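What follows is a single structure, written as structure tokens, with notes after it.
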Amino acid sequence: MILRRVITHFRKQEWTAIALDFLIVVLGVFVGLQVSNWSEARADRRDEQATIKSLHDEIVAAEAFTTRTLRVPTTDALLISTATDIVAGNIDDRALTGEERRALAGSGGLYIGRFDLPSLARLQSTGRLDIVRSVELNNALVTLIQKREGLELAMQTDRFSHDLMHLYPAVFSARSALVPSDY
């Protein structure tokens, strides 16, 4: 329809009408692009709010999980210290309690509680970390990703380490040096 009008105006050499038709088309395309950009920006803000709420809920749950996970090693540190002193003969000779035996049995492995954050993984995998407008929050999320990757690398590297004390017991002597802490 517009093309027919432009051709008719061109044949009649109505340059003002041709310019007006051209202006209408350009303005229409411009307005359409602006509406599309505005709609996309609104969708991004909705996604940002939903993502931030999800991240908040996941981080609160992760913090509770981490607190529960750290409570056991902190409590067990004193039990392990006492039990190793008893086994090594450094303190009065007595039988180990059930709690001390349980703490010793679990002392061979270090469990680093790791709680996944699906919202963060989704942002990272889709490459949409930039949806978060807050520079501070965005930097904190990037730092968290880097720390998690470093922790993962450290846990993988630990598999290849050797327990030299058990490989060469004649070279080492042991006594408890554990000091309970809140960490």
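Values for this structure:
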| item | result |
| --- | --- |
| Candidate set: region 121-157, residues that are touching a Ser or Thr at 6+ places or on another chain (Cβ under 9 Å) and not aliphatic (A, V, I, L, M); chosen: the one nearest to L55 (Cα to Cα) | R122 |
| Tabulated pairs, region 29-58, first in contact (Cβ under 8 Å) with a residue 12 or more places away in the chain, second small (G, A, S) and surrounded by 14 or more Cβ atoms within 10 Å (Cβ to Cβ), C-beta under 6 angstrom, 6+ apart or interchain | T51/S119; S54/S119; L55/S119; E58/S119 |
| Test result for A17, at pLDDT below 90 and either outside any helix (DSSP H, G or I) or touching a Phe, Trp or Tyr at 6+ places or on another chain (Cβ under 7 Å) (or both) | no |
| Members of region 28-56 found to be surrounded by 11 or more Cβ atoms within 10 Å (Cβ to Cβ) and either touching a strand residue (DSSP E or B) at 6+ places or on another chain (Cβ under 8 Å) or over 14 Å from V132 (Cα atoms) (or both), listed by number | G28 |
| Residue within region 40-59 that is over 30 Å from L144 (Cβ atoms) and out of contact with any Asp or Glu (no Cβ under 6 Å at 6 or more places or on another chain) present | no |
| Filter result for V25 (in a helix (DSSP H, G or I), at pLDDT below 90 and surrounded by fewer than 14 Cβ atoms within 10 Å (Cβ to Cβ)) | yes |
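The values are calculated or read from the model by the stated rules, or taken from the named source; none is laboratory data. Here the structure is a predicted model, which means the values were calculated and not measured. Positions of Cβ are backbone-derived with ideal geometry, glycine not excepted, and every protein chain shown enters the neighbour counts.
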